[in-house]
Amino acid sequence: MNFTFKPLATIHTPFKELVDMPIQPRGAQDVYATIEFEKKYEEGLKDLDGFSHLYLIYYFHKLKKPALTVVPYNDKTHTPRGVFATRSPMHPNNLGLSVVELVKVEDNIVTIKGIDVLDRTPLLDIKPYIENFDKIDGETKSGWMQSSDQEVKLKRSDKRFVQI
């Protein structure tokens, strides 16, 4: 079974290079960006401004070759991990996921805050964060990831996932 996705929009960010970018939205809390939707999707943005946060599903357009094992940025032990147990961009389908703060919606432009992606990243879908659907009650686990909140905020990308 094959799938074909067409981008709905382009994410415009201040990040022009893959190196020295925040690696998660926690490290980009004060970074503003815009999402420019194709005009034909503008009607679908109706009522979006009533939400505080959004899920962005996007395509890692600069990724050339995925890997099934990677050493994640926040792994203090530098242990190779299965890619599906990481937030690495190296997943086989090149899909990324970020939760961002919604600032405003004007016509076909959505302004967001807390974005950690490369400029001109193609957006495949957008969904509202709904606390009654998405909030996790009870104990949660983060597997191998032991970095503190402060360490996550300060971590920046290096060349490990940059491919020429």
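Quick note: the coordinates plus some simple rules give every number you see, no bench work behind them. All values reported here derive from a predicted model rather than from experimental measurement. All Cβ positions, glycine included, derive from the backbone under ideal geometry; neighbour counts span all protein chains shown.
Per-structure values
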read-out: Cα-projected label distance for Tyr55 with Met1, points at 7 Å along beta-carbon direction, nm; value: 1.8
read-out: Sequence-distant lysines (8 or more away, or on other chains) whose Cα lies within less than 21 Å of Lys6; value: Lys39, Lys40, Lys46, Lys62, Lys64, Lys65, Lys127
read-out: Distance between modelled label sites at Thr77 and Val99, nm, 7 Å Cα→Cβ extension; value: 2.6
read-out: Where labels lie 7 Å past Cα in the beta-carbon direction, separation of Arg156 and Leu124 in nm; value: 2.9
read-out: Value of relative contact order over the chain, rounded to a whole percent, pairs C-alpha under 8 Å and six or more apart; value: 40
read-out: Candidates Leu123, Leu63, Leu102: whichever shows maximal mean-square fluctuation once the chain is modelled as a Gaussian network with Cα springs under 10 Å; value: Leu63
read-out: Test item: Cα-centred dipole of the chain, Lys/Arg +1 and Asp/Glu -1 on Cβ, debye; value: 840
